[in-house]
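Visitor: Questions regarding the structure given below will be posed in turn.
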Amino acid sequence: EYDEDGTDELRISGNTVFVNSVDHTLDAHFDSSPADETVSGITATFTAGEDLSRGEVVYYKPSDSKMWKAVATAIATSRCVAMAAEDIDISSSATGKFLLKGFLQDNGTFPAYTAGDVLYTPEAETSSQNVPEAAAPDTDGDFVQIIGWAVDANTVYFNPDSTVIEVA
């Protein structure tokens, strides 16, 4: 109830841990235009199965409980569930932050998308990065999954659909 500066806002600097649940009576707000190399959304900490850079999309491998690069060319690797969102690269077997749903801007990792592009799990890396592709996989045996859309050339809204279909 204390409001020293009269803003009617509680501002906390640094990490905050809530031991129990947090009840929301208002909307949760994500910034649709975050600063470069910044994420706004729902994140979680996982262990990387290989070296990952911010913006690369991943699948969860149950046999080792790690995140690996999602690739649309095989059923085992095609189900994208998250996007690497750590401030720096995540080394193999290290823990890092992954975006589950929300916005990410990266002027150095993403190719130049067109605003409104539908984004898919990639068939292959783009400039050595496993980032979303604006073209749907189209080769027989590929697997198609919509994972979001481009807000602008370097900002994506990531929200992977759980539906994956095979190109025949």
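Visitor: Å³ per residue of the Cα convex hull, for region 1-84?
Guide: Hull volume normalised by residue count: 187 Å³.
Visitor: Let me ask another. Which percent of the accessible heavy-atom area of the chain goes to carbon and sulfur, probe 1.4 angstrom?
Guide: Carbon-and-sulfur percentage of accessible area, whole number: 49.
Visitor: How big is region 63-116 by the Kirkwood estimate over distinct Cα pairs, in Å?
Guide: 13.2 Å
Visitor: Treat every Asp and Glu Cβ in the chain as -1 and every Lys and Arg Cβ as +1, leave all other atoms uncharged, and give the resulting dipole magnitude about the Cα centre to the nearest 20 debye.
Guide: Approximately 660 debye in magnitude.
Visitor: Further, regarding this structure: What range in the chain is the longest one free of chymotrypsin sites (Phe, Trp or Tyr not before Pro) that are in a loop by DSSP and have at most 14 other Cβ atoms within 10 angstrom?
Guide: Longest site-free region, per DSSP loop and neighbour criteria: 31-168.
Visitor: Share of antiparallel DSSP beta bridges in the chain, in percent to the nearest 5?
Guide: Among the beta bridges of the chain, antiparallel pairing accounts for roughly 95 percent.
Visitor: Quick one: accessible area per residue over region 1-126, 1.4 Å probe, rounded to a whole number of Å²?
Guide: Value for region 1-126: 62 Å² per residue.
Visitor: Right, something else. Keeping all protein chains in place and using 1.4 angstrom, which order do Arg11, Arg54, Arg79 fall into by accessible surface area, from largest down?
Guide: Largest accessible area first, the list is Arg11, Arg79, Arg54.
Visitor: Would you work out if region 48-164 is rounded, prolate or oblate? Take a ≥ b ≥ c from the square roots of the eigenvalues of the alpha-carbon gyration tensor; rounded if a/c is under 1.5, else prolate when a/b is larger than b/c, oblate otherwise.
Guide: Oblate.
The values are calculated or read from the model by the stated rules, or taken from the named source; none is laboratory data. Source: prediction; values computed, not measured. Methodologically, a virtual Cβ is constructed for each residue, glycine included, from the backbone with ideal geometry; neighbour enumeration extends over all protein chains shown. Side chains are part of the model used for accessible areas, which takes the heavy atoms of the whole protein and leaves out ligands, DNA and RNA. Shrake-Rupley method; radii C 1.70, N 1.55, O 1.52, S 1.80 Å.
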